[in-house]
Structures are given as C-alpha cells and as structure tokens.
Amino acid sequence: MSISPQATSPRATTASAPPHLAIVLFSLAMGGFAIGTTEFASMSLLPFFAADLRVDEPTAGHAISAYALGVVLGAPLIAVLGARFARRTQLLVLMAVFALGNALTALAPGFGWMIAARFLSGLPHGAYFGIAALVAASLVPQHRRSRAIGQVMLGLTGATIIGVPLANLVGQTVGWRASFGLVSLLALLTVLLCALFAPRDQAGRSDPLRELGALRSGRVWITLAIAAIGFGGMFAVYTYLATTLIEVTKVSPAVIPVFLAVFGVGATLGNLFVPRFADRALMPTAGGILLFSAAALLVFPLAAGNPWLLAADVFVIGASVSLGAVLQTRLMDVAGDAQALAAALNHSAFNTANALGPFLGGLAIREGLGWTSTGPVGAALALVGFLIWIVAAREAGAAPVADTSSDAALLKTTPARPAPPLAPDDRSRSDAVRDPVA
C-alpha cells in the first residue's frame, strides 16, 4: 500500500517526492505508541506509584480514572474547537500537550498533582487518534480504510508489546517517574515526525456547529455505546492483571512484563488481520469480536492458575483490541460531515470503557469474589455490548448507511485507486477527493 509516485500536475513532477504512505502512517502510529505506553503502563505501574505517593491501590486507581476522564472530555471538546484548523497543525499541538502532561506526571510532588497531570495528559488522546484516523483514511481508497486505520492503531498495540513492558521494567528498576519521562520523549519524537512527514493541508473548512451535527445521529450514539460497554470487559481484566499474576498465578513480578507483551502481541496481530475482514463485512466483524472477547473473558478464571494457559488466554483477550479500528470505520460511515467529532468520540467511548471496566471489576474484588472475578464481569460487559450490536446491525440492515462524504461520492463514480501524492501544488485540486472534512 503506497502513494502513487506519479504526480497529477505538471508542476508536481518537478517538486520533491512526497513521503511514502508507509512513512506517513508510521509517523501517525508513533503518537499511538506514546499514548498506548502511558495508558496501559500506568495500570501496571499502579502498585509502584501508590507506594511512593503513600496512597492505597484503590485510591491510586483514581489517577487512571483521571486520565480516562481527560480523554472523555477532551476528545469532543478539542474536535469541535479544532474544526477550523489544519489537521497537521492539530496533530503537532496535541502531541506537544501530551508531552507536557506526561512530563508533569513524572515531576508530580504529590498525588493531587499527579491527578491533575494525568487529566491533562488524557485531554489530547482521543482527538489525536481521531485526526490521525481521518488522515490515514484520506490517503487510501475507500475499500481499504479499515486497514489504514488499523495500521495507525498498530502504534497503540505495538506499545503493549514493547512500550508497556519496557515502561514496567523501567518502573521496577529506575522508578515509575522515569517511565512517564520516557513517554514524554516519545511524544516529542512524534511531534518531530509529524512535522516532517504528515501531509500539509489547508485550514479546516468545517465549523463547530457542523461537527456537533454528529450528536443528532442515533447511529453514532449506538456505535459509541457498543464501544463504551462492550470494550469495558478487556479493561476489567487488564487493569488487575499484574495483581492477579502475583496473587493467583503466583509468578514473580519480574515475569509481569512478559505477560504484558503477550497481550500486546495478540492486540497487534488482531489489528493487522481483523480489519481485513471488516473491509468486507464491517458490522458482522464487530459482532464476532464481541462474542470472541466474551468467550475469552469467561475462560480467564479457569486459566489463571496455570501460567501457560493464562498466557494463551491473555493473548486472545488482546486480539479483541481490534474492535477499535472496526468501530472507528463504522463511525466514519454514519457521521456524515461531522467526521472529526465522531472519530474523536470513539476514543471517548473507549475510555469510558476504561473507567467502567476497572470500576465494576474493582467492585467484584471488594465484595470478596476474588481477583479472577474480573473475567466474568468483563464477559458480561462484552455480552451487553453484543446486545447493543444486535440493535445496530438490525438498523443497518433495514436502512443501509448513506455515505454523504464527498470522497465516497466520487469513489462511487470513479475506479478505486491510490490517492495522489501529497504535493502542495496538487492540494487545492485534490482536497475534495482525499479529505472531505479538512
């Protein structure tokens, strides 16, 4: 998958060659790598910063909730306020703020300061992924959007293989503050890569009222509900995985990064292969993932006593992360002209799941049901998400989605082909094809 090397205008043939599509997607994915590292590593580092800041672990979990709250509030707010700005500019500013929030986390003198820093770190999360997904989708034919979005999301899942275990290892050997400092450096690297390789675009032609139009769509809300509830099951288990490994599986803390990496491998392979099915059958793929996830979560208590069985189950649970790219594509289909807000709201929904899953899992643990009770709790959330999916699938079958975006309309009348190069000379002529909501 690459951008055509041939320019579409005489002047573009003399301009410098545009970045290869893979380089652009890698630059966008690096931001996902930084975000994924801090989002998931903070869960595995919870026992360490709780002890250092002299709070118990349930209280320390409020730092994770503060980050999730920042995502939930920041994603729609930034998407609306940024409607008139160029997407490249938004990417740079969002990652700069993310770098600042993680640097302040590393320097937090007390738990209250850490809560504030985690909230600030979460604000750019959803908006960044939303804009990055739209940029990636605008560079490929419509029938390859899920794969392009999935490749951007590989940064997030790749973080669970490399970034999270590394951050956990650094937290155990150097200190948890160094882990957040590492994330801040990764965010600054993303700023540099996006400055060099992200496609230059004009200021946005959308406006806040136009973006808010997404909130009038019942299809948008039902898709967000699938994510907010159905995805909570994975977070219910993952949040308490480190403690479950120590208390139930009886492994050494030094082995925890290995299990985190196994989860990441499952998530990465899921994002590599599952979107290929979604490009052919979007809604059936989403329903299949929810049932797949529910089954894996039900097995969790049975596998927890054996490290090999648990590793296999954690791998399968990780593969369910691919639901993110699938629902992102669904939102692009049903949001009409309010693409930026809908894409950002997807990550608000997933971080609602990030708050809901650990909260319900924690309630089960506090009621004395044991660390492995997070598995059945998570399975219940996945099955409720599947029930919501049934409603969405019936509606989609009764009234097929009418894609109102300008690039979709054009693709229906012209053969699918890779997008033209990102030469500045061609921008004004190709905006409507590649970027319907710039």
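The values are calculated or read from the model by the stated rules, or taken from the named source; none is laboratory data. Computed from a prediction, not measured in an experiment: that's the story for all the values here. All Cβ positions, even for glycine, are placed from backbone atoms using ideal geometry, and neighbour counts span all protein chains on display. Only protein heavy atoms, including side chains, enter the accessible area calculation; ligands, DNA and RNA are left aside. Shrake-Rupley method; radii C 1.70, N 1.55, O 1.52, S 1.80 Å.
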- Query: Given segment 284-326, what whole percent of its Cα pairs are spread farther than 13 Å?
  - Reply: 49 percent
- Query: Fully extended, how many nm does the chain gain between His20 and Leu77 (0.36 nm per residue separation, minus their Cα-Cα distance)?
  - Reply: 17.3 nm
- Can you give the Kirkwood hydrodynamic radius for segment 126-266, in Å, rounded to one decimal and based on Cα pairs? 18.3 Å
- Write down the accessible area per residue of segment 193-333 in Å², having rolled a 1.4 Å probe over the full set of protein chains. 38 Å²
- Semi-axes of the equivalent ellipsoid of segment 33-125: what are they in whole Å, largest first, if each equals the square root of 5 times a C-alpha gyration tensor eigenvalue? 26, 12, 11
- Largest first, how would Trp113, Trp221, Trp371 line up by accessible area (1.4 Å probe)? Trp113, Trp221, Trp371
- Query: Once the Cβ-Cβ distance between Ala96 and Leu387 is put in as r, and R0 is 56 Å, what FRET efficiency do you end up with, to the nearest 0.05?
  - Reply: 0.85
- Task: Two decimals is fine: what is log10 I(q)/I(0) at q = 0.19, 0.20, 0.27 Å⁻¹ for segment 305-370, from a Debye sum with one equal scatterer on every Cα and no solvent?
- Result: -0.88, -0.91, -1.09
- Mind checking Rg over Rh on segment 55-187, alpha carbons, Kirkwood formula for Rh? 1.01
- Enumerate the calculated ³J(HN,Hα) couplings along segment 88-93 in order (Karplus 6.51 cos²θ - 1.76 cosθ + 1.60, θ = phi - 60°), each rounded to whole Hz, writing x wherever the residue is Gly or Pro. 4, 4, 4, 4, 5, 5
- Query: Going toward the positive end of the dipole of segment 34-131, with +1 on Lys and Arg Cβ and -1 on Asp and Glu Cβ, which of Leu120, Gly130, Val71 do you reach last?
  - Reply: Gly130
- Query: At what distance in nm do the modelled label points of Val255 and Val174 sit from each other, each positioned 7 Å from its Cα along Cα→Cβ?
  - Reply: 2.7 nm
- Query: Using every alpha carbon pair in segment 347-386, what percent of pairs falls into each 5 Å bin from 0 up to the bin containing the largest distance?
  - Reply: 6, 24, 29, 23, 12, 4, 1
- Whenever you get a sec, compute what percent of the accessible area on segment 204-332 sits on carbon and sulfur atoms (1.4 Å probe). 73 percent
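Go through Ser65, Ser373 and list them by solvent-accessible area, largest first, probe radius 1.4 Å.
Solvent-accessible surface, decreasing: Ser65, Ser373.
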- For a label point 7 angstrom out from the Cα of Ser217 toward its Cβ, which stretches of segment 132-160 have the backbone nitrogen within less than 14 Å? 134
